[in-house]
Amino acid sequence: MALIKKLLVTGVIVSVAAASGFAWWTKQALPVPATPIEFTINPGSGVAASAQQMAAAGVPVNPALFALLARLTGDAGRIKAGSYELKPGATPRSLLTQLVRGEFAQEAVTIIEGWSFRQMRQAISSHTRLKHDTVKLTDAELMAKISTEYKDPEGLFFPDTYLFAKGSSEIEIYRRAHQAMLEHLNAAWEKRNKELPYKTPYEALIMASIVEKETGQKSERTMIAGVFVNRLRTGMLLQTDPTVIYGMGDAFVGKIGKKDLLTDTPYNTYTRGGLPPTPISLPGLQSLHAALEPAETPALYFVSRGDGTSQFSNNLPDHNRAVNRYQRGITTQ
């Protein structure tokens, strides 16, 4: 009887020690190197298979103990499939929380203000961590999967940095960027001056794309938009080189000449009045606001000073003098 009692006491002590040791283990930092360990949990994996997949990827956690932890906490059936990163400082408990919450490894793709849609497609299709499910689609086919309203993709995606889980679909990046552009555009449209010469938000987007390409100086964007708005109101040609360049397509090799300015295309604003048929770039937020909140100015012309800023003029004689001074080095009285 005494022996049985002694064995029971010993068993209880061992169990308590084991439970304490297990609890201690769940809170200890795993020996993760400085570089995060990447691993993937395959769809349909149970907790045991998940633990084995982590071990095979180099995650320094005991598979049996990890599976036991998941079962004891009731999380065994809540682990989400996907790609993850185990970072220094992680514990078995925090690792389980990461898998249950689906805190996937975050990748990023950056779309730059002023890029063309072609450049955006190149950046997305060359990203090694995305699922390339749009590569074989034409621009029209891609837009058909994203929008029922727009057919031409140019200008309709907001330039920004987009985070995504490794293996995410390209189409999801396009959808997010398109939705972001519509939200920013519509918000700016609601606050616009109703007297602006735009019939639709899309026309404002076209103007914003031109402003985006015309200057790198953020402080001048509202002035440049003001000049173009004045030209639209008075029926003047916009005469902006970036639209000509866009219309030239692959024929543009770094310079445009007089012949290019005289060669008619739908985007040549030296030969055609009004706005071009579509945007010519992906405008950022400041260009959107400039197009819809342009400066109130009498200026009708501007020319680069050669230092990144522009000289604005209210009339043609003043503009010609500015061109002579800043473009030809001729100073006139």
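The values are calculated or read from the model by the stated rules, or taken from the named source; none is laboratory data. A quick note: this is a predicted structure, and the numbers were derived from the prediction, not measured. Quick reminder, even Gly has a Cβ in these numbers, built from the backbone with ideal geometry, and neighbours come from all protein chains shown. Just so you know, the surface numbers come from the protein's heavy atoms only, side chains and all, with ligands and any DNA or RNA stripped out. Shrake-Rupley method; radii C 1.70, N 1.55, O 1.52, S 1.80 Å.
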**Q.** Candidates per GluC sites (Glu not before Pro) in region 171-253, loop by DSSP, up to 14 other Cβ within 10 Å
**A.** Glu195
**Q.** Links that overshoot a 25 Å alpha carbon limit, given the list Lys191/Lys218; Lys199/Lys259; Lys166/Lys218
**A.** Lys199/Lys259; Lys166/Lys218
Q: Give me the net charge of Lys87's neighbourhood, meaning all other residues with Cβ under 11 Å from the Cβ of Lys87; Lys, Arg count +1, Asp, Glu -1.
A: -3
**Q.** Alpha-carbon radius of gyration plus Dmax, which is the widest Cα pair, for region 190-333 in Å
**A.** 14.9, 46
Q. Once the principal axes of the Cα atoms of region 131-213 are found, what is the range along each, listed largest first in whole angstroms?
A. 46, 25, 24
Q.
Placing unit charges on C-beta atoms (Lys and Arg positive, Asp and Glu negative, everything else neutral), compute the dipole magnitude of region 159-244 about its Cα centre in debye, rounded to 20.
A. 200
Q) Under unit Cβ charges (Lys, Arg +1; Asp, Glu -1), what dipole magnitude, rounded to 20 debye, does the chain have relative to its Cα centre? A) 880
Q) Expressed as a whole percentage, what fraction of the accessible surface of region 26-128 belongs to carbon and sulfur atoms when a 1.4 Å probe is rolled over the protein heavy atoms? A) 53
Q: Could you tally the net charge around Arg305, taking each other residue with its Cβ under 15 Å from the Cβ of Arg305, Lys/Arg +1 and Asp/Glu -1?
A: -1
Q.
Given Cα positions, please report Rg to Rh for the chain, the hydrodynamic radius being the Kirkwood one.
A. 1.24
Q. Of all the accessible heavy-atom surface of region 264-333, with the other protein chains kept in place and a 1.4 Å probe, what percent is carbon and sulfur?
A. 46
Q: Would you list which aspartates and glutamates come within 14 Å of Lys213, measuring only between C-alpha atoms, while excluding same-chain residues fewer than 8 positions from it?
A: Glu113, Glu154, Asp241
Q.
If I build a Gaussian network model for the chain, linking alpha-carbon pairs within less than 10 angstrom, which residue out of Asp260, Asp307, Asp75 has the largest mean-square fluctuation?
A. Asp307
Q: Averaging sequence separations of C-alpha pairs under 8 Å and six or more residues apart, then dividing by the length of region 14-92, give the relative contact order as a whole percent.
A: 47
Q: Over the chain, give the accessible area per residue in Å² for a 1.4 Å probe, as an integer.
A: 53
Q.
If exposed means no more than 16 neighbouring beta carbons inside 10 Å and the site is in a DSSP loop, what's the longest run of the chain without any exposed trypsin sites (Lys or Arg not before Pro)?
A. 200-254
(Q) One quarter of the convex hull surface, Cα atoms only: what value does that give for region 46-165 in nm²? (A) 9.8
